[in-house]
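Colleague: Before anything else, here's the structure in question.
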Amino acid sequence: MYLRHLQVTDFRSWPQADLALDPGPTVLVGQNGRGKTNLLEAIGYVATLGSHRVATDAPLIRHGCERALVRVAVVNDDRELTVELEITNGRANRARVNRGAVGRPRDVLGILRTVLFSPEDLALVRGDPGERRRFLDELLVLRAPRYAGVRADYEKVLKQRNALLKTAGKRRTGREDPYALSTLEVWDDHLSVAGAELLAARLNLVADLAPHAASAYMGVAPDSRPAKISYRSSLGGALPPTYGVPDGERAQPEVLKDVLLKALGEARKAELERGISLVGPHRDELELILGEAPAKGYASHGESWSFALALRLGSYELLRGEAGEPVLLLDDVFAELDRKRRARLAEVAVSAEQVLVTAAVDEDVPSELAGSRFVVADGEVTRG
């Protein structure tokens with residue numbers, strides 16, 4: 001898989017940018033603040049319908065404009081598809097494939113797959129659990145686009161259930177409200193169905209990703225303590241012990257539904273008192289372990305970078321082993337890495353079908369990745 005063409009209009013700092021791309025390495029060179037990252041962000045947006053830098057779409061639209069456009073041509077197994085996304089502030093976004101409208105923007109997911117490594121990835125190790133849950137869910141969608149719908153369904157049910165918990169909690173003045181409680185039972189069932197499917201997918205993903213991440217970490221930090229990842233569920237010991245373990249039993253949604261429904265019943269009193277859902281995938285954690293200690297709070301700066309890199313390289317190896325190579329996006333990361341980590345990343349990148357690299361100066365880019373070159377300056381992108 002590779003990008004043949006990228007065009008953006010009123011996206012971030014760009015009134016207009018148009019790049020014809022080739023397979024293999026492509027380097028975008030320019031001083032900081034010239035919009036290099038914005039171009040990679042646009043590519044990543046097509047693959048995930050989200051930004052690795054901001055939580056909402058509004059900042060993606062150039063200041064003073066009503067909408068932004070991103071258009072890409074993707075070649076996969078000699079078949080080319082054109083994807084166009086229209087990002088509109090305050091209204092629903094729109095998507096087209098080969099100039100024809102699709103029902104929902106998420107219908108384009110899977111046409112382009114990317115793995116992006118950026119300075120923001122340090123938050124995967126040092127940030128809060130939400131960063132790691134987001135990492136898992138985005139990787140799930142890259143692996144199987146239908147999980148975008150599963151994730152959206154779960155978030156919708158969770159929001160409605162939390163609203164009911166707050167209402168029921170306010171109504172409880174020493175007496176139970178039969179109507180609120182019976183309605184809550186309905187939402188318990190909805191949450192257990194959507195939550196079990198999302199949880200099963202995450203557990204299976206972690207089981208599959210764990211060996212790749214451990215191997216990648218050993219490659220970039222051979223002198224460090226061994227690294228491993230595991231999934232910690234809010235269901236605790238109620239989970240079958242073989243779920244989420246490499247070479248273990250595959251997690252089954254129908255089993256997890258019953259476990260989750262039982263846990264919701266046990267948490268009912270505490271949830272009504274606090275007015276919030278205390279059990280489910282939204283409370284879970286991807287644990288990153290170095291040796292016997294959690295990476296967060298115990299890993300050095302270099303170890304944290306190595307773990308973040310290992311998660312991305314592990315994702316890349318997992319994806320390309322299942323359904324063809326994703327496009328590899330490396331956003332200004334070589335300047336952050338020491339010689340050993342830089343060499344390991346370059347070794348993987350040079351074997352990719354397509355890799356796009358941004359750098360402030362040519363010297364930051366390993367010689368192995370000296371392929372096509374663009375200069376980004378003064379609001380223009382030109383071949384160097």
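The values are calculated or read from the model by the stated rules, or taken from the named source; none is laboratory data. The structure presented is a predicted model; accordingly, all values stated were derived computationally and were not measured. Cβ sites come from the backbone with ideal geometry, for glycine too, and all protein chains shown count toward neighbours. Just the protein is used for accessible areas: all its heavy atoms, side chains included, with ligands, DNA and RNA removed. Shrake-Rupley method; radii C 1.70, N 1.55, O 1.52, S 1.80 Å.
Colleague: Name the single residue, out of those in region 222-257 being assigned to a loop (DSSP other than H, G, I, E, B) and basic (Lys, Arg), that is least open to solvent (accessible area, probe 1.4 Å).
Modeller: The qualifying residue least open to solvent (accessible area, probe 1.4 Å) is Arg225.
Colleague: Kindly check whether there is at least one residue in region 76-95 that is within 27 Å of Leu205 (Cα to Cα) and either open to solvent by 30 Å² or more (accessible area, probe 1.4 Å) or among the basic types (Lys, Arg) (or both).
Modeller: Yes; the residues of region 76-95 include at least one that is within 27 Å of Leu205 (Cα to Cα) and either open to solvent by 30 Å² or more (accessible area, probe 1.4 Å) or among the basic types (Lys, Arg) (or both).
Yes/no per residue for (1) free of Cβ contacts under 8 Å to residues at least 24 places away in the same chain; (2) among the small types (Gly, Ala, Ser); (3) surrounded by fewer than 16 Cβ atoms within 10 Å (Cβ to Cβ); (4) not in a helix (DSSP H, G or I):
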{"position": "Leu112", "(1), (2), (3), (4)": "no, no, no, yes"}
{"position": "Gly130", "(1), (2), (3), (4)": "yes, yes, yes, no"}
{"position": "Arg151", "(1), (2), (3), (4)": "no, no, no, no"}
{"position": "Val157", "(1), (2), (3), (4)": "no, no, no, no"}
{"position": "Leu191", "(1), (2), (3), (4)": "no, no, no, no"}
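Colleague: Please specify each residue of region 331-358 satisfying the condition of being farther than 15 Å from Leu116 by Cβ and small (Gly, Ala, Ser).
Modeller: Ala335, Ala343, Ala346, Ser351
Colleague: Is it the case that region 64-73 has a residue that's open to solvent by 50 Å² or more (accessible area, probe 1.4 Å), modelled with pLDDT of 95 or more and not aromatic (Phe, Trp, Tyr)?
Modeller: If we filter region 64-73 for residues that are open to solvent by 50 Å² or more (accessible area, probe 1.4 Å), which is where we start, we get 64, 66-67, 71.
If we keep only those that are modelled with pLDDT of 95 or more too, we end up with 67, 71.
Retained after the next criterion (residues that are not aromatic (Phe, Trp, Tyr)): 67, 71.
Looking for residues that are open to solvent by 50 Å² or more (accessible area, probe 1.4 Å), modelled with pLDDT of 95 or more and not aromatic (Phe, Trp, Tyr), one finds at least one in region 64-73, hence yes.
Colleague: Got a number for residues in region 71-100 being touching a strand residue (DSSP E or B) at 6+ places or on another chain (Cβ under 7 Å) and not in a loop (DSSP other than H, G, I, E, B)?
Modeller: Number satisfying all stated conditions: 18.
Colleague: Enumerate the pairs (first residue in region 31-42 and over 15 Å from Asp364 (Cβ atoms); second residue anywhere and hydroxyl-bearing (Ser, Thr, Tyr) and open to solvent by 20 Å² or more (accessible area, probe 1.4 Å)) with beta-carbon separation below 9 Å, excluding pairs fewer than 6 apart on the same chain, so at least 6 apart or on different chains.
Modeller: Close Cβ pairs (under 9 Å, with a partner that is hydroxyl-bearing (Ser, Thr, Tyr) and open to solvent by 20 Å² or more (accessible area, probe 1.4 Å)) amount to Gly33/Ser13; Gly35/Ser13; Asn38/Ser13.
Colleague: OK, next. Can you tell me how many residues in region 337-347 are touching a helix residue (DSSP H, G or I) at 6+ places or on another chain (Cβ under 6 Å) and touching a residue at least 60 places away in the same chain (Cβ under 8 Å)?
Modeller: 2
Colleague: When residues of region 24-42 are filtered for being in a strand (DSSP E or B) and of a type in the set (A, V, I, L, M, F, W, C), how many remain?
Modeller: Qualifying residue count for the region: 3.
Colleague: Now, a different point. Of all residues in region 43-68 being part of a helix (DSSP H, G or I) and within 12 Å of the chain's Cα centre (by Cα), which is nearest to Thr358 (Cα to Cα)?
Modeller: Residue satisfying both the conditions and the ranking: Gly44.
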